[in-house]
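Down below is the structure, laid out as structure tokens.
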Amino acid sequence: MDSRVAAGPAGAPAGRVIRVNGPLVEIEGLAGVAMSELVGLGTQGLPAEVVAIRGRSVSVQAYEYTGGLAAGQPVTAWGRPLSAQLGPELLGGIFDGLLRPLGAAPTWLDPSARRSETHRTWNWQPMLTEGVTVSEGAVLGAVPDAGGLDYRVLVPPGVSGRLDRIAAAGTYAAEDPVAAVAGCLVGFSTQWPVRRARPVRERIYTEEPLLTGQRVLDALFPLALGSSAGVPGGFGTGKTMLLQQIAKWCTADVIVYVGCGERGNEMADVLTDLADLVDPRTGRRLAERTVIIANTSNMPIMARETSIYTGVTVAEHFRDMGYHAIVIADSTSRWAEALREFSSRSGALPAEEGYPAALPSALAAFYERAGRVVTLGGVEASVTIIGAVSPPGGDVTEPVTAHTQRFVRALWNLDHELAYARHYPAVAWSGSFSRDAEQLGVWYSRNGDPEWVGRRARLTSLLAEADRLGDLADLVGAGSLPGHERVVLLAGRLLREGVLQQNGLSANDAHCSAEKTAALIDTVFAVLDDCESLIDDGVAAAEIEEIDYSPLMRAAQETPPDGVDGVAERRERMLAVLAGLR
Amino acid sequence: MTEPDAFPRAPRSLSVQYSGVAELRGPLLVVRGVSGVGWDEFATVGTTAEGAGPAPRHGVVLEVDRDLAVVQVLEGTEGLALDSTWISFSGEPLRIPVGPDWLGRTCNGRGDPIDGGPPIFGVHDAPVAGYPLNPGRRDPPADPVLTGISAIDAFTTLVRGQKLPVFSSAGLPHLELAAQIAAQSTAGVEPFCVIFAGMGLTHADADAVRATLDERSAAGELLLLVNTADDPVLERILTPRIALTVAEHLAFELDRHVLVVLADMTSYAEALREVSAARGEMPGRRTYPGYLYSDLASLYERCGRIRGKTGSVTVLPVLTMPAGDITHPVPDLTGYITEGQIVLSADVHARGIYPPVDPLASLSRLMRRGAGPGRTRKDHLDLAAQTLAALARARQVRELAEIVGASALNATDQLYLHFAADFEQRLVDQLRGERRDLDQTLDRCWDVLTVLPARELTMLPSGMVEAHTRKGR
């Protein structure tokens, strides 16, 4: 067992197991144990968390497989809540739901197998001198080579006073203290209870976009730094693919990818992909700005429940250093199912579809940990949360999907019909929303793109109108619609195929800069304006429809991710072809 | 070490026999007065009464509560009485011997040989529940398992280390297809073997499967586990776990590529539901237990490859969708866990096509990693994408033809209808014993596709079309 979870204080009161039902274990004789405290079960010390106390009897949820655990076996209280150890080794690593490094774990996760302890050292760069007065959240120094960014060591929350001692620049063992503030030792790593949000000075509400590199999101349903988004989608709608694209290309500083009850092969995929990708910002591997938390569907179910909280805690830790962090959780439905499985075993009264009545408040509390803040150290930073939802049978009225919609700032609805037509990313323009769009429009107009609001409005209305006319055309035939309406149908097709669809496997198209997105949309608009005036001038709609629009359709794939010039060149070419119709 | 004649293992000499059976209800047995019994431990149940049915029986501990243990009896509790029943516990979760001796054998759903052969010896033993594979040590699936079935190899290539289910409905030949895949799949020239776990099969089906797999079994490349429809229902909970435990050892210790066929997972899920109902658990969707997802995942996730090892475990679960409903919890949850699906269609079946695969509804998410240059053939991925696109177009044309009549279609659209018919008859349709190699399959695909004029084949690089036309002439 790894020391970060297993080590309990010596001489702790000993209890006994009295009942075992899968991950639900009841124990007796642990006087004074508190809710959410960790205990070690049996001789192996399997970690478990206290979830109910009734007189002498205490219910715990076990974070490992409890096979072989028998009534009468000993239990030890560890005297602290479930905590994650947050340190420089996080960057570029892969961890389980309790944040134990999987890199140091054996191939087969047998709970009784010992994990190898690694002894690492870190380079320390102090930033303050002894004797100064520091307050909580202040940066004491940094580890420059921990990963793709500076790892900062901070004065812990609740601590302030004289900097009694600070280590000189140099190399130190990972467990060595590097500073002492008002009698409190500070090391490279810190412990934090995962269910408690790390404190901040204040929340702030100025909005600035977090670019995902996906056109449909950045142009139609944008997300602000510190915001939250839900991504519901049935199986086969390309949910995981979309989330992986965001993980690779979004503009956050630190990416925390939580594979919560999902496929092992997918985690292998993410790992290999990230290890191969070069980070455009640092020239190093993208993996070095990423923390992967993997609790695949066959790993112990209650650790799946924690992995979501562990992920947010890691993100908050980097936020406190002054970074913009993003948590991508795939999938929150598996987390909710873990809650349901446990509450059903413990005999709690079920609410909707067997989920515990606390599901909505648990979801709300989780998404509330997102936010743009001023940290204790006084810098602006943020945690953004994107949570996938896997509605059973594609039913979006089920509780997890329905409640998630209430608490997120943006909803990116993945549509089965679009996916079936191989339209990826299959984000539906009807049914998705972004409550950040209005404020981000203000930001764009102040930051060099005043057209943004108008462009989005026109895009939205064209897509809706094209959908409506498309339904009509299915009934009466497109040929019987008037010319202007046929141009709207054409617009719908150009926008869908030339702008909204994006090929994640193409080097040019996997991500798209905001400028190229704007250029592509503007090009379609310019083409449409010319088509409209051609119709006004009496040119037949059929003639306009027969033009080869492939230079426009292929512009996204055939020009580089920030290839605004290439798009402009194609725009001129298309407009010249249209001019030829006069 | 495992005792030679002890599988599933007999009670240890040290273990105590308990006779304080307090309750018998459905498949459950509650025994009082036990001590030191662990959760998920394996147990043996017997009776001192004469003629009380199968003995000894086997069980798994579902819950321990002070001196009580709740045990699910795999063979059912019929014929057991409170005062004549005894139970002893093995002291640990069920372990089975693993090793190459399993190959060439036929066993029941509990792993006992039913082929008249000797007991199975193992190299060592392993717990049937398995351990989760560290996701940090996985290698993404790569390279194909070739099934010799055109519709699968060409469009939903099965990749080594993948889990790809077959979704079917009652009355369709999914079992024949599964058996054919089990009988003729290969991993090129690399060592390959198959484990076929049949759950809830009728005797007629079981015999047909056995006949199809006879040759491969005789060649020592196959293990057949059969739980028939009249065998103890709860035994099915064990069957896939035995199959996967044997498979993991063959793949990761003995460097083979192992294909595990699990048919029919709907019968498995029903066994799970039966236990859950007997325990009075809170039912989830359609009264399946809330942990169905985790339970199915604990099986399907045992596929994969491990970094630094050459073997792989590929899982092909077969399931019948009750009333053809893909949103039913078993196919739905399966779809969320697996990497794609092969869908069989009653419409295609009605046209007399075997296998009745619907290529548009089917998908192998990992195909990109299993097919294409260096894996199958250079033209494979483009050819498959173009064929599927043409098929989607043909389907639209067919819908249009139903409204306006085929004669009103333009010449190109007529060709699409022609293409769709050819596609099914010349490419998808094949004989039950027919194994097509990949070249044959892809060449047939070209033949079918080039019914369409070259200008329609925009997804193929132009050089590729020309090269093929030259070759064909």
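The values are calculated or read from the model by the stated rules, or taken from the named source; none is laboratory data. As the structure is a prediction and not an experimental result, all values here were calculated from the model. Note that each Cβ is placed from the backbone with ideal geometry, even for glycine, and that neighbours are counted across all protein chains shown.
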Query raised in the report: Given the structure, is B:L296 of a type outside the set (S, T, N, Q) and touching a strand residue (DSSP E or B) at 6+ places or on another chain (Cβ under 6 Å)?
Result: no
Query raised in the report: Of the residues A:L98, A:L140, which single one is crowded, with 20+ Cβ neighbours inside 10 Å, touching a residue at least 60 places away in the same chain (Cβ under 8 Å) and under 30 Å from A:R201 (Cβ atoms)?
Result: A:L98
**Report entry** Lone unmet requirement of (1) part of a helix (DSSP H, G or I); (2) at pLDDT below 90 for B:V348
**Finding:** (2)
**Report entry** Test for B:A247: is it touching a helix residue (DSSP H, G or I) at 6+ places or on another chain (Cβ under 6 Å) and either within 12 Å of chain A (Cβ to nearest Cβ) or not acidic (D, E) (or both)
**Finding:** no
**Report entry** Which listed residue, of A:R195, A:R215, A:R201, is more than 20 Å from A:L418 (Cα to Cα) and modelled with pLDDT of 95 or more
**Finding:** A:R201
Query raised in the report: For the range A:90-146, how many residues meet the condition of being of a type in the set (V, I, T), assigned to a strand (DSSP E or B) and at the interface with chain B (Cβ under 10 Å from one of its Cβ atoms)?
Result: 1
**Report entry** Subset of the range B:59-86 [over 20 Å from B:A277 (Cβ atoms), surrounded by 23 or more Cβ atoms within 10 Å (Cβ to Cβ) and in contact (Cβ under 8 Å) with a residue 60 or more places away in the chain]
**Finding:** B:T85
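Here is a yes/no grid of residues against (1) crowded, with 22+ Cβ neighbours inside 10 Å; (2) farther than 21 Å from B:D101 by Cα; (3) in contact with a helix residue (DSSP H, G or I) (Cβ under 9 Å, 6 or more places away or on another chain):
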residue	(1), (2), (3)
B:F196	yes, no, yes
B:T202	no, yes, no
B:A208	no, yes, yes
B:E215	no, no, yes
B:V226	yes, no, yes
B:L238	yes, no, no
Report task. Tell me the strands (runs of 3 or more DSSP E) entirely within the range A:11-67 that contain at least 3 residues that are within 11 Å of chain B (Cβ to nearest Cβ), in contact with a strand residue (DSSP E or B) (Cβ under 8 Å, 6 or more places away or on another chain) and not β-branched (V, I, T). Result -> A:14-21, A:24-28
Query raised in the report: Does A:L500 count as in contact (Cβ under 8 Å) with a residue 60 or more places away in the chain and among the aliphatic types (A, V, I, L, M)?
Result: yes
Report task. Could you give me the residue pairs with C-beta distances under 7 Å whose first residue belongs to the range A:31-53 and is without any contact (Cβ under 8 Å) to a residue 40 or more places away in the chain and at positive phi, whose second residue is of a type in the set (A, V, I, L, M) and assigned to a loop (DSSP other than H, G, I, E, B) wherever it lies, and which are 6+ apart or on separate chains? Result -> A:G42/A:L69
Requested in this report: Would you check which residues across the range A:68-89 are assigned to a strand (DSSP E or B) and of a type in the set (G, A, S) and list them?
Outcome: A:A70, A:A77, A:G79, A:S83, A:A84
Report summary line: Residue count, the range A:271-295, condition assigned to a helix (DSSP H, G or I) and in contact with a Pro (Cβ under 6 Å, 6 or more places away or on another chain), comes to 1
Query raised in the report: Has the range B:216-223 got at least one residue that is within 14 Å of chain A (Cβ to nearest Cβ) and assigned to a helix (DSSP H, G or I)?
Result: no
Query raised in the report: Looking at B:G304, B:G284, B:G311, which is the one that is away from every other protein chain (no Cβ under 12 Å) and of a type outside the set (F, W, Y)?
Result: B:G311
**Report entry** Which listed residue, of B:L177, B:L164, is surrounded by 24 or more Cβ atoms within 10 Å (Cβ to Cβ), within 14 Å of chain A (Cβ to nearest Cβ) and not hydroxyl-bearing (S, T, Y)
**Finding:** B:L164
Report summary line: Exactly one of A:L495, A:L520 is in contact (Cβ under 8 Å) with a residue 60 or more places away in the chain, surrounded by 20 or more Cβ atoms within 10 Å (Cβ to Cβ) and assigned to a helix (DSSP H, G or I), and that residue is A:L520
Query raised in the report: Out of (1) away from chain A (no Cβ under 14 Å); (2) exposed (fewer than 14 other Cβ atoms within 10 Å of the Cβ); (3) in a helix (DSSP H, G or I), the odd one out for B:I403 is which?
Result: (1)
**Report entry** Test: A:A514 is under 29 Å from A:G233 (Cα atoms), surrounded by 19 or more Cβ atoms within 10 Å (Cβ to Cβ) and touching a strand residue (DSSP E or B) at 6+ places or on another chain (Cβ under 9 Å)
**Finding:** yes
Report task. Under 6 Å between Cβ atoms, at least 6 apart or on separate chains: pull out the pairs that start in the range A:68-80 with a residue that is more than 7 Å from every other protein chain (Cβ to nearest Cβ) and end on any residue that is of a type in the set (D, E) and crowded, with 21+ Cβ neighbours inside 10 Å. Result -> none
Query - Matching residues in the range A:354-402 - criterion: being crowded, with 16+ Cβ neighbours inside 10 Å, within 14 Å of chain B (Cβ to nearest Cβ) and among the charged types (D, E, K, R) - result: A:E398
Query raised in the report: If we keep just the residues of the range B:283-316 that are without any contact (Cβ under 8 Å) to a residue 40 or more places away in the chain and within 20 Å of the chain's Cα centre (by Cα), which is farthest from A:W108 (Cα to Cα)?
Result: B:Y291
Requested in this report: Pull up the range A:306-346, narrow it to residues that are touching a Pro at 6+ places or on another chain (Cβ under 9 Å) and among the charged types (D, E, K, R), then point me to the one that is farthest from A:D269 (Cα to Cα).
Outcome: A:R345
Report task. Would you mind finding the one in A:Y444, A:Y424 that is crowded, with 17+ Cβ neighbours inside 10 Å, in a loop (DSSP other than H, G, I, E, B) and touching a residue at least 24 places away in the same chain (Cβ under 8 Å)? Result -> A:Y424
Query raised in the report: Restricting attention to the range A:464-491, which residues are closer than 28 Å to A:Q439 by Cα and crowded, with 20+ Cβ neighbours inside 10 Å?
Result: A:A466, A:A491
